[in-house]
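Single-structure report; data block below.
Taken together, the values in this text are just the output of simple stated rules run on the coordinates, not laboratory data. Keep in mind that what you see is a predicted model, and the values were worked out from it rather than measured. Here the Cβ positions follow ideal geometry from the backbone for every residue, glycine too, while neighbour counts run over all protein chains shown.
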Amino acid sequence: MKKMMLCAMAAMMSVAAIAQETEQKKDSAEGFQFTTVDSVAITPVKNQKNAGTCWSYSGMSFLESEAIKKTGKVYDFSEMFVVEKTYLDRADKAVRMHGDVSFSQGGSFCDVIYCLRNYGLIPDAEMPAGAMYGDSLSNHRELSSMTDPLVKAAASAQKLQYSPDGEPLWKKAVRAVHEIYLGVIPEKFNYEGKEYTPKSFAESTGLKADDYVSLTSFLHHPYSTGENAGKGFIIEVQDNWRWGESLNLELDDFMKIIDDAIANGYTVLWGGDVSEEGFTRDGMAVYPDMQAPDAPGADQARWLKLDRKAKGEELTKKPLPQKVVTAEERQRGYDNFETGDDHGMHLFGTAKDQEGNKYYLIKNSWGKTGKYDGIWYMTPEFARAKTLNYVVNKAAISKDLKKKYGIK
């Protein structure tokens, strides 16, 4: 028992060290000095490597922080367990829809919550990424090259063949490929001296799928207020293949809940667009006002000659005035395909720069890359413009906003 307590304390210290390490790196970006304002406990940064599974990595990170808050215990949940379950379910949907639902490595946060509710969770040690091909990181390129044709063939078949046990043969084939590349899902396993199934293990963590809600903010559907309170809509992106619904909030309320969550010790599972020039590959996400006199884009002749990397460097040399983002502009970005579901990350805190400007702390899943070892600093204006949706614990939402939007 004493040894277990010491191990738990050591794990908690390592979690706390992440925030301290980020703080120590605050002066590494030219022209920026960051100070952390609020930070909720997170687990170490991971690397999704060559796999389109950000939704799983950010989702597991989010649930790990939820478990810390609920139980004080530090878990390392298996991303590949959720990936395998989701890949197979998505293949099934693609075949049932004769290919009109895409089959790919992408997913949504709905997949994470669905898996928690219907399949459970397992420790990462039971199904680690890359283990089946002698690596510690994912590479799903060959996996997809094997399963994509199988799913396409089944989706285009006039009649499917079945095994004697009643299961379609194509599904057995896809599952077999998954087991070769991702590993075999254990029916039972031991964890800290006890035997669990995936569902009983999830229950032991105290995490409940019903505790979470997906929120968004757009104008092409009615807000979830008044007679529409409690009613959401299906965000129209390909990776929302489960057709999960998000409540539709007014933009100011949408942003307020993020701030309230962090202030009350909760994190946010963030999904949005990272194709903007202001989202650099070294730890910054900014949305500058390019019409401002000191904006790099004011010198259009020179600006247009720069490549994306050079533009990102120009945008993050120093704090710049950020663009005011309205609900109408946010909607235009979505309608014009400028804002999509590029990436999922884990928002866990706030910081400020030397001029007092606010930033969100975001844990990415690209390994300890960039100037802040895998942590990104995102301006609220970027989040306001480019967030597609996020998932948050309902307990993080104020009573008045719960009432306004019918959140129970």
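Give the long-range amide H neighbours of Asn47: residues separated by 5 or more places, or on another chain, with amide H under 5 Å away, using H modelled in the peptide plane at 1.01 Å from N.
HN-HN under 5 Å from Asn47: Gly367.
Taking amide H atoms as placed 1.01 Å from N in the peptide plane, list the residues 5 or more away in sequence, or in a different chain, whose amide H sits under 5 Å from that of Tyr191.
Tyr196
Under a 5 Å amide H to amide H cut-off, with H placed in plane at 1.01 Å, what residues pair with Tyr212 once short-range neighbours are removed?
Hits under the 5 Å cutoff: Lys394.
If I compute Cα extents along the principal axes in Å from the structure I just sent, which labelled value in [x] 131, 51, 35; [y] 184, 70, 36; [z] 72, 60, 48 lines up?
The value computed from this structure is option [z].
What list of ³J(HN,Hα) couplings, whole Hz, do you get for the range 192-207 from phi and the Karplus terms 6.51, -1.76, 1.60, once you set θ to phi - 60° and write x for glycine and proline?
6, x, 10, 8, 9, 9, x, 6, 5, 5, 4, 5, 5, 7, x, 6
Which entries of Lys46/Lys408; Lys69/Lys231; Lys46/Lys305; Lys73/Lys317; Lys70/Lys172 show an alpha-carbon separation above 31 angstrom in the structure shown? It would help to have the intermediate numbers written out before the result.
Details: Lys46/Lys408 33 Å; Lys69/Lys231 29 Å; Lys46/Lys305 35 Å; Lys73/Lys317 40 Å; Lys70/Lys172 38 Å.
In this structure, Lys46/Lys408; Lys46/Lys305; Lys73/Lys317; Lys70/Lys172 exceed 31 Å between Cα atoms.
Which of the peptides 40-50, 150-160 is most tightly packed, and how do the rest follow, judged by the mean count of other Cβ atoms within 10 Å per residue?
40-50, 150-160
Could you give me the ³J(HN,Hα) list for the range 264-280, computed from phi with Karplus coefficients 6.51, -1.76, 1.60 and θ = phi - 60°, whole Hz, x at Gly and Pro?
9, x, 10, 9, 10, 8, 9, x, x, 9, 10, 8, 6, 5, x, 8, 7
Could you work out the local net charge near His343, counting Lys and Arg as +1, Asp and Glu as -1, over the other residues with Cβ closer than 14 Å to its Cβ?
Residues near His343 contribute -2 overall.
Could you pull out every one of the aspartates and glutamates with an alpha carbon less than 14 Å from that of Lys152, ignoring same-chain neighbours closer than 8 positions?
Qualifying aspartates and glutamates at Cα under 14 Å: Asp92, Asp100.
Among Met345, Met132, which comes first, second and so on when ranked by fewest other beta-carbon atoms within 10 Å?
Met132, Met345
Quick check: pseudo-label points 7 Å beyond the Cα along Cα→Cβ at Ala229 and Lys394, how many nm apart are they?
That separation, rounded to one decimal, is 1.4 nm.
Quick test of the membrane-span-like rule: which DSSP H helices of the chain reach at least 15 Å along their long axis (C-alpha atoms) with mean Kyte hydropathy at least -1.0?
Helices meeting the criterion: 2-24, 54-71, 79-96, 141-156, 169-181, 251-263.
For the chain, what is the mean residue ellipticity at 222 nm derived from helices alone (per DSSP H run of n ≥ 4: -39500 (n - 2.57); sum divided by total residues; nearest 500 deg cm²/dmol)?
-11500 deg cm²/dmol
Around Trp241, what is the net charge, scoring Lys/Arg as +1 and Asp/Glu as -1 over all other residues with Cβ under 14 Å from its Cβ?
-3
How big is the antiparallel share of DSSP beta bridges in the chain, given as a percent to the nearest 5?
90
Count the net charge of all other residues whose Cβ sits under 15 Å from the Cβ of Thr147, scoring Lys and Arg as +1 and Asp and Glu as -1.
With Lys, Arg at +1 and Asp, Glu at -1, the net is +2.
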